[in-house]
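All remarks here apply to the structure that follows.
The values are calculated or read from the model by the stated rules, or taken from the named source; none is laboratory data. Being a predicted model, the structure only gives us computed values, none of them experimental. Cβ placement follows ideal geometry from the backbone for every residue including glycine, while neighbour counts extend to all protein chains displayed.
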Amino acid sequence: MKISVVIISLNEADRIANCISSVKDIADEVLLVDSNSDDNTVEIAKKMGARVIIQDFLGYVAQKNFALNNAQFEWVLSLDADEELSEPLRNNILELKKKEVDACAFKFNRRNWYCDRWMKRCGWYPDNKLRLCKKEDAEWVGLDPHDELVVGAEIKRCKLEGDLLHYTYNNIEEHKQQAKKFALISAEAMYRSGRRVAVYKPILAFFARFIKTYIYKLGFLEGRMGLNLCLIESKGVYLKYKTLYSKS
């Protein structure tokens, strides 16, 4: 079982070395698809032995399908540059490589770092992600910026123990800026797909998201940081639907 680890990057010089280091024991190839970074992301990746393809950004879904299709080996592990394998997950993938595996795709929990802590609630953990599968079985789908790796119905989904570590935002301001960016991208993608909403949708979506993440998903147990996270995400949903309504 040989594995291509494919990584998507854009100005990730502060994270790319850790990402590559975490997969070097399990990767038969590290492929970095970079969207014209203007820092030294590419230089670092090349020094660490990665094969690099520079590709103008095609969109979140299309860029990941491009990376998937350019992998050299049959099995592909898909990562973003701000993600790393935990030691337990890396060890379990190493054990998996020793076996004959067929008609199966592997998912695992993603643990998300937020500002100063690993978030245990707010819907951020366990954050199950399917990321390891045969290239021929898989495709990235979704409306930008939300993407999901899917496989055919005949493929068995198996769970690997260990966490995928995701380093999200260093501070609240970063989260606010990204939430706004994603809201506008999502509204545009929804509009192009023919989606339209009623005037009351933005406010309903805000409260629905806040109740889900802060109350049902126990965000209130994360203190002030949990409140900030849930409010920013809820405001992002509000902005998405407000922008979509304004286009209608």
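A few comments on the model shown:
Conditions (1) more than 24 Å from Glu84 (Cβ to Cβ); (2) small (Gly, Ala, Ser); (3) out of contact with any Pro (no Cβ under 6 Å at 6 or more places or on another chain), marked per residue:
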site	(1), (2), (3)
Tyr167	no, no, yes
Gln177	no, no, yes
Ala183	yes, yes, yes
Arg196	yes, no, yes
Val199	yes, no, yes
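- Enumeration of residues in the range 43-66 that are of a type outside the set (Phe, Trp, Tyr) and within 19 Å of Ile185 (Cβ to Cβ): Gln55, Asp56, Leu58, Gly59, Val61, Ala62, Gln63, Lys64, Asn65
- Residues located in the range 30-82, provided they are out of contact with any Cys (no Cβ under 8 Å at 6 or more places or on another chain), hydrophobic (A, V, I, L, M, F, W, C) and in a loop (DSSP other than H, G, I, E, B): Met48, Ala50, Phe57, Leu58, Ala71, Phe73
- Verdict on Ala138 being small (Gly, Ala, Ser), under 25 Å from Ile3 (Cα atoms) and out of contact with any helix residue (DSSP H, G or I) (no Cβ under 9 Å at 6 or more places or on another chain): no
- Criterion (over 24 Å from Leu227 (Cβ atoms), in contact with a strand residue (DSSP E or B) (Cβ under 7 Å, 6 or more places away or on another chain) and among the charged types (D, E, K, R)) met by exactly one of Arg131, Arg111: Arg131
- Helices (runs of 4 or more DSSP H) (entirely within the range 150-248) containing at least 1 residues that are closer than 22 Å to Leu79 by Cβ and polar (S, T, N, Q): 172-192
- Residue check, Ala62 in contact with an Asp or Glu (Cβ under 8 Å, 6 or more places away or on another chain) and either surrounded by fewer than 16 Cβ atoms within 10 Å (Cβ to Cβ) or hydrophobic (A, V, I, L, M, F, W, C) (or both): no
- Checked against the criterion of being closer than 20 Å to Glu29 by Cβ, buried (at least 18 other Cβ atoms within 10 Å of the Cβ) and not small (Gly, Ala, Ser), the candidates Leu94, Leu89 yield just one match: Leu89.
- When the residues of the range 6-29 are filtered to those that are under 15 Å from Asn70 (Cα atoms) and in contact with a Lys or Arg (Cβ under 7 Å, 6 or more places away or on another chain), the one that is surrounded by the most Cβ atoms within 10 Å (Cβ to Cβ) is Ile8.
- Residues satisfying the stated conditions in the range 34-57, i.e. of a type in the set (A, V, I, L, M, F, W, C) and loosely packed, with under 15 Cβ neighbours inside 10 Å: Ile53, Ile54, Phe57
- Residue list for the range 207-231, filter: touching a Lys or Arg at 6+ places or on another chain (Cβ under 7 Å) and crowded, with 19+ Cβ neighbours inside 10 Å: Gly219, Glu222, Gly226
- Listed conditions (1) small (Gly, Ala, Ser); (2) touching a Lys or Arg at 6+ places or on another chain (Cβ under 9 Å); (3) not assigned by TED's automatic domain parsing to the domain that holds Asn69 are all met by Gly162, apart from (3).
- A residue that is under 30 Å from Ile3 (Cβ atoms), in contact (Cβ under 8 Å) with a residue 12 or more places away in the chain, surrounded by fewer than 17 Cβ atoms within 10 Å (Cβ to Cβ) and over 17 Å from the mean Cα position of the chain (by Cα) can be found somewhere in the range 160-176.
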